[in-house]
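Comments concern the structure below.
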Amino acid sequence: MTNQAFTRAMPSSPSIQGESPFSSLLALQQASQPLAQEIPIIDGQSPPQPAHGRARSVSIPGSANAPRVLQPFNTENIRILLLENVSQGAVKMLREQGFEVDFFTGAWSEEELVSKIGDYHAIGIRSKTRMTKRVFDAAHQLLVVGCFCIGTNQVDLEAASKRGIAVFNSPFANSRSVAELVIGELVCLARQLADRSMEMRHGTWNKVSKGCYELRGKLLGIVGYGHIGSQLSVLAEAMGMQVIYHDVLPLMPLGSARQADSLEELLSVADFVSLHVPELPETRGMIGAKELAQMKPGSYLINNARGSVVDIPALIEALKSKHLAGCAIDVYPREPAKNGEGAFSNELNEWASELQKQSNVIMTPHIGGSTEEAQRLIGIEVGNALCRYINFGGSIGAVNFPEVNIRPITEQETRSIRICYVHHNQPGALLAVNEIIGRHNVDKQSTDSLKEIAYLLADISDVSESDIQDIYMRLSKTPANILTRLLS
Ligand SMILES: NC(=O)c1ccc[n+]([C@@H]2O[C@H](COP(=O)([O-])OP(=O)(O)OC[C@H]3O[C@@H](n4cnc5c(N)ncnc54)[C@H](O)[C@@H]3O)[C@@H](O)[C@H]2O)c1
């Protein structure tokens, strides 16, 4: 068993039995080490790093009020398993933090995970490793899962939450990649590039200008003005386009863009319509026969959002009738599970061959966000999230977990500890906690809940060794406890 200072309530017993997990904290304090404090990790940057090993305290130059890096007291033993060839930037960042990192290029099977996950405090995966309930049941020390990708379907989020394990992903690191792909598609559609290129590959010389246009001065309609839609807006204006957008929220326009009063208005005036809405019940079938008919004759449709947003048979009809001059599609209602010849066929989507036959159609295999840069950013973002959660307890950005953060402990506060208490969201839970910590000087405290799980962060100052041990033991034994950690 690790001597990390955390206790998870096990399904079969109220707390982990055995040697006190507190010994390292006491040892640390006996050695009169300063109690380290938190420094926010800025996106894209690693926190200050020790030259070797794991520093107890790293100061930001400046006043005594500067925040200090807060670390688990027994950092040497934090073990992280990274699978599926996650970005080397993340591997480097985590090793520089002093964590013990085991890196593997492939995914692990459920059996392999069940037999080895018990050794690790954190795991980093991409889309092929399945974190099932069985795996979580075997993960006695696991604190956090980092999905180095967009989706989290491969993780049983409920099983993770029940064990107090936070799950992080990186939903927006590839926004720029998608926005740039759309710019490419706008040019390709306006100039019929896909068709000309296909003809040349078959030896056909077809030099035409009819029906080919510049983007300059054309109106781009963006549906969904979020991370991708708003970036696209800026890029399109730089190409000399005008931008109109539709969103369910009233959003501030960037540049000279303007928000349309309705989707119908946007569809009726835009030369190009690009979809950037999430997959929701309201966006399912959002662009069907009626909406396609509302689009300007000779306009183009681009879908890099989700396959369910567009009714593709209706789109095929709009292309056949020449009401639409072309389309670019990156996402489909059903997508092949793996790469390979013949993977995209009528067996998967009954209209596949019909769409393939239409002119000025660009079809791509869900590559909107697939760039080296996006992978690197995902590595930084998820790597930071893991560091933040392990070192400081901050759970902002977790997908299955209440999002809680509190301001850093400063250099001056030399005898402060941070309590990270994951618990069942049940009546009396906070009363029990406050009975334990209420006698002490609670500098700050924040709590939130998400469905059945709640999470509390609290900083306590001026505590003695015996106080700390008492707080830890008593919190671990509260009826609502799922996982108690102490950071110093
Ligand atoms: N093709 C790819 O590889 C790829 C990569 C990344 C993201 N995506 C997809 O792109 C889409 C947008 O991503 P994002 O990061 O910009 O998301 P986002 O959450 O930042 O933005 C979505 C926007 O859509 C708006 N919206 C929600 N419902 C709406 C509705 N019914 N009508 C109009 N607007 C609505 C929201 O208010 C928000 O502003 C998502 O579906 C995502 O899955 C695809």
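Residues being β-branched (Val, Ile, Thr) and under 24 Å from Val144 (Cα atoms): count how many of those fall in the stretch 413-438. Within the stretch 413-438, residues that are β-branched (Val, Ile, Thr) and under 24 Å from Val144 (Cα atoms) number 4. The one condition from (1) within 12 Å of the ligand (Cβ to nearest atom); (2) free of Cβ contacts under 8 Å to residues at least 60 places away in the same chain; (3) among the aliphatic types (A, V, I, L, M) that Met239 does not meet is (1).
Within the stretch 435-456, being touching a residue at least 60 places away in the same chain (Cβ under 8 Å) and buried (at least 22 other Cβ atoms within 10 Å of the Cβ) holds for Ile453, Tyr455.
When Leu267 is tested against (1) within 10 Å of the ligand (Cβ to nearest atom); (2) part of a helix (DSSP H, G or I), only condition (1) is not met. Taken together, the residues in the stretch 204-219 that are under 37 Å from the mean Cα position of the chain (by Cα) and under 11 Å from Ala190 (Cβ atoms) amount to 4. Test Tyr225 against the criterion of being in contact with a Phe, Trp or Tyr (Cβ under 7 Å, 6 or more places away or on another chain), within 28 Å of Pro313 (Cα to Cα) and not in a helix (DSSP H, G or I), and give yes or no. In short, yes. Considered as a group, the residues in the stretch 157-193 that are surrounded by fewer than 20 Cβ atoms within 10 Å (Cβ to Cβ) and closer than 17 Å to Gly124 by Cβ include one that is modelled with the highest pLDDT, and that residue is Leu157. Report every pair of residues separated by at least 6 positions or lying on different chains whose Cβ atoms are under 8 Å apart, first residue within the stretch 357-368 and within 12 Å of the ligand (Cβ to nearest atom), second among the hydroxyl-bearing types (Ser, Thr, Tyr). That search, which allows pairs on different chains as well, returns His366/Tyr332; Gly368/Ser177. For first residues located in the stretch 261-274 and closer than 10 Å to Gly221 by Cα, partners that are more than 14 Å from the ligand (Cβ to nearest atom) and assigned to a helix (DSSP H, G or I) and lie 6+ apart or on another chain with Cβ distances below 6 Å form the pairs Leu267/Gln294; Ser268/Gln294; Phe272/Leu186. In the stretch 100-168, counting only strands (runs of 3 or more DSSP E) that sit wholly within it, the ones holding 2 or more residues that are within 19 Å of the chain's Cα centre (by Cα) span 122-125, 144-147, 166-168. Please verify whether Arg258 is of a type in the set (Lys, Arg) and within 11 Å of the ligand (Cβ to nearest atom), treating the condition exactly as stated. The answer is no for Arg258. Taking the stretch 282-337 as the range and being charged (D, E, K, R), within 12 Å of the ligand (Cβ to nearest atom) and not in a helix (DSSP H, G or I) as the test, the residues that pass are Arg284, Arg306, Asp330, Glu335.
Within the stretch 194-231, take every residue that is among the polar types (S, T, N, Q) and either within 16 Å of the ligand (Cβ to nearest atom) or touching a residue at least 12 places away in the same chain (Cβ under 8 Å) (or both) and give me the one that is surrounded by the fewest Cβ atoms within 10 Å (Cβ to Cβ). That would be Gln231.
The values are calculated or read from the model by the stated rules, or taken from the named source; none is laboratory data. A quick note: this is a predicted structure, and the numbers were derived from the prediction, not measured. In this analysis, Cβ positions are derived from the backbone assuming ideal geometry, glycine residues included, and neighbour counts consider all displayed protein chains.
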